Amino acid sequence: MTVLGATCLVCARIAFPPRLVCQCGEIAWVDTVLSAGYVESLTTLRADSRLPRSSPVVLATIQTPEGAAVIARADTRLVGRDTVRIDFEADALWARPIPN
């Protein structure tokens, strides 16, 4: 599924997730596809020991070429500065490596 941000038609700022009002005060937006970027940072959330079959979750902050920062679940093989594709999968936003 496509991941959409929004570009302000007045100041060209990219918002993810899309907002009603831009930081510049305008409300005119156009959809912007956010499909790839690079890993800016990774964070691992520990498993919840109170829940059966709970496992750690890795989150990545992805910087897109459009200028938006996207936080997504990350493939465990990712490292910093890896190039990734961004998409929805099983009702979650995921960052998956793009093969070189």
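Averaged per residue, what accessible area in Å² does the chain show with a 1.4 Å probe, protein chains only?
So the chain comes to 66 Å² accessible per residue, rounded to a whole number.
Return the long-range amide H neighbours of Ala74 (sequence gap of 5 or more, or a different chain), with a cut-off of under 5 Å between placed amide H atoms.
Sorted by chain and number, the residues that satisfy this are Val58, Leu59, Ala60, Ala95.
With a cut-off of at most 15 other beta carbons within 10 Å, and DSSP calling the residue loop, which GluC sites (Glu not before Pro) in the chain qualify? Please list them.
Qualifying residues, ordered by number: Glu26.
Whole-Hz Karplus ³J(HN,Hα) for the stretch 26-41, in order, using 6.51 cos²θ - 1.76 cosθ + 1.60 and θ = phi - 60°, x for Gly and Pro?
7, 10, 9, 10, 10, 4, 10, 6, 10, 10, 7, x, 10, 6, 8, 7
Can you sort Ile71, Ile98 by 1.4 Å-probe accessible area, starting with the largest?
Of Ile71, Ile98, the descending order of accessible area is Ile71, Ile98.
Pull up all non-local amide H partners of Trp29: gap of 5 or more, or a different chain, and H-to-H distance under 5 Å with H placed in the peptide plane.
Those lying under 5 Å, H to H, from Trp29 are Leu9.
Heavy atoms of the protein only, probe of 1.4 Å, neighbouring chains included. What is the accessible area of Val3 in Å², nearest 10?
Number for this one is 0 Å².
Hey, can you grab everything whose amide H is under 5 Å from the amide H of Asp82? Only 5+ residues off in sequence or another chain; H modelled, so Pro and N-termini drop out.
Amide H neighbours of Asp82, under 5 Å, 5+ apart: Val39.
The values are calculated or read from the model by the stated rules, or taken from the named source; none is laboratory data. Computed from a predicted structure; not experimentally measured. Note that we place each Cβ from the backbone using ideal geometry, even for glycine, and neighbour counts take in every protein chain shown. These area figures cover heavy atoms from the full protein model, side chains too; ligands, DNA and RNA do not enter into them. Shrake-Rupley method; radii C 1.70, N 1.55, O 1.52, S 1.80 Å.
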